[in-house]
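Report on one structure; see the data block that follows.
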Amino acid sequence: MTPNAALFFAAGLGTRMAPLTDDRPKPMIEVAGKPLLRHAMDMAEGIERKVVNVHYRAGQIRDAVADGVMISDETDQLLETGGGLRKALPLLGDGPVFTMNTDAVWKGPNPFDMLRSAWRDEMGGLLLLIDPQDARGHVGKGDFVVDKNSRVTPGQGLIYTGCQIIRPDRRSEVETDAFSMWELWNRLLEERSLYGLRYTGNWCDVGRPDCIPIAEEMLRQ
């Protein structure tokens, strides 16, 4: 089953982006004259169902999204990535879904197209990863190692870009309302059904104010 729904994570508090987030949510911070949320959503043309979750200064995001984009409201409680996905599922529909963080910019192939082309029915999740040498603004040492069969294990290898396809079938096993995506990934790792795909372009993590000029320089190149 080919995914045709996408959740854009836009509910975070954006504390690392202070003071820019004192008066706006992080997805509304502009890079190269365009909000981060728009950078993300512009790549999802052709996807039938688009959902954005909201929490901090939610009204600004509601006002910014296009007609037809659905809102998953987390203003009462911030649910983290796993809990946010579970709450949004009635809007996303059945089957595998795309999820994308909204604090990065991309230059190169469309990440949704790459994931869609590589997706196979036996997969529980497919993470879009990038070599550290092709990443900008990221301070981590890598998240996953990919074996010859494209299965992943946690480790200091490739960096998770914040974009994936995932089957959220195991969500009911998590008892808390708020939980990380790792709660779902760990179950897929146990099943050996979590895979990785290397992104072949450039990517910039825009999680701090000093990352904005880095991202803009990458886009100009």
>> Please go through the range 120-141 and give me each residue that is among the charged types (D, E, K, R), outside any strand (DSSP E or B) and open to solvent by less than 70 Å² (accessible area, probe 1.4 Å), ordered by number.
In response: Asp131, Asp134
> Which of the residues belonging to the range 184-217 are touching a residue at least 60 places away in the same chain (Cβ under 8 Å), among the aliphatic types (A, V, I, L, M), part of a helix (DSSP H, G or I) and open to solvent by 10 Å² or more (accessible area, probe 1.4 Å)?
Replying inline: Ile212, Ile214
> Filtering the range 143-182 down to residues that are under 17 Å from Thr200 (Cβ atoms) and part of a loop (DSSP other than H, G, I, E, B), which residue is least open to solvent (accessible area, probe 1.4 Å)?
Replying inline: Gly157
> Inside the range 1-118, counting only strands (runs of 3 or more DSSP E) that do not spill past its ends, which hold 2 or more residues that are farther than 20 Å from Asp177 by Cβ and touching a helix residue (DSSP H, G or I) at 6+ places or on another chain (Cβ under 9 Å)?
Replying inline: 5-9, 49-54, 97-101, 104-107
> crowded, with 19+ Cβ neighbours inside 10 Å and out of contact with any strand residue (DSSP E or B) (no Cβ under 6 Å at 6 or more places or on another chain), is that true of Leu79?
Replying inline: yes
> Taking the range 33-57 on its own, how many of its residues are of a type in the set (Val, Ile, Thr) and either in contact with a Leu (Cβ under 6 Å, 6 or more places away or on another chain) or open to solvent by 10 Å² or more (accessible area, probe 1.4 Å) (or both)?
Replying inline: 1
> Do we have Ala88 as in contact (Cβ under 8 Å) with a residue 60 or more places away in the chain, closer than 26 Å to Tyr195 by Cα, in contact with a Leu (Cβ under 8 Å, 6 or more places away or on another chain) and open to solvent by less than 10 Å² (accessible area, probe 1.4 Å) here?
Replying inline: yes
>> Could you check the range 91-119 and list, in sequence order, the residues that are of a type in the set (A, V, I, L, M) and open to solvent by 50 Å² or more (accessible area, probe 1.4 Å)?
In response: Leu91
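The values are calculated or read from the model by the stated rules, or taken from the named source; none is laboratory data. Note that this is a predicted model, so its numbers are computed, not measured. Every residue, glycine among them, receives a Cβ derived from its backbone with ideal geometry; neighbour counts consider all protein chains shown. When the accessible area is computed, the model is the full protein with side chains, heavy atoms only, and any ligands, DNA or RNA have been set aside. Shrake-Rupley method; radii C 1.70, N 1.55, O 1.52, S 1.80 Å.
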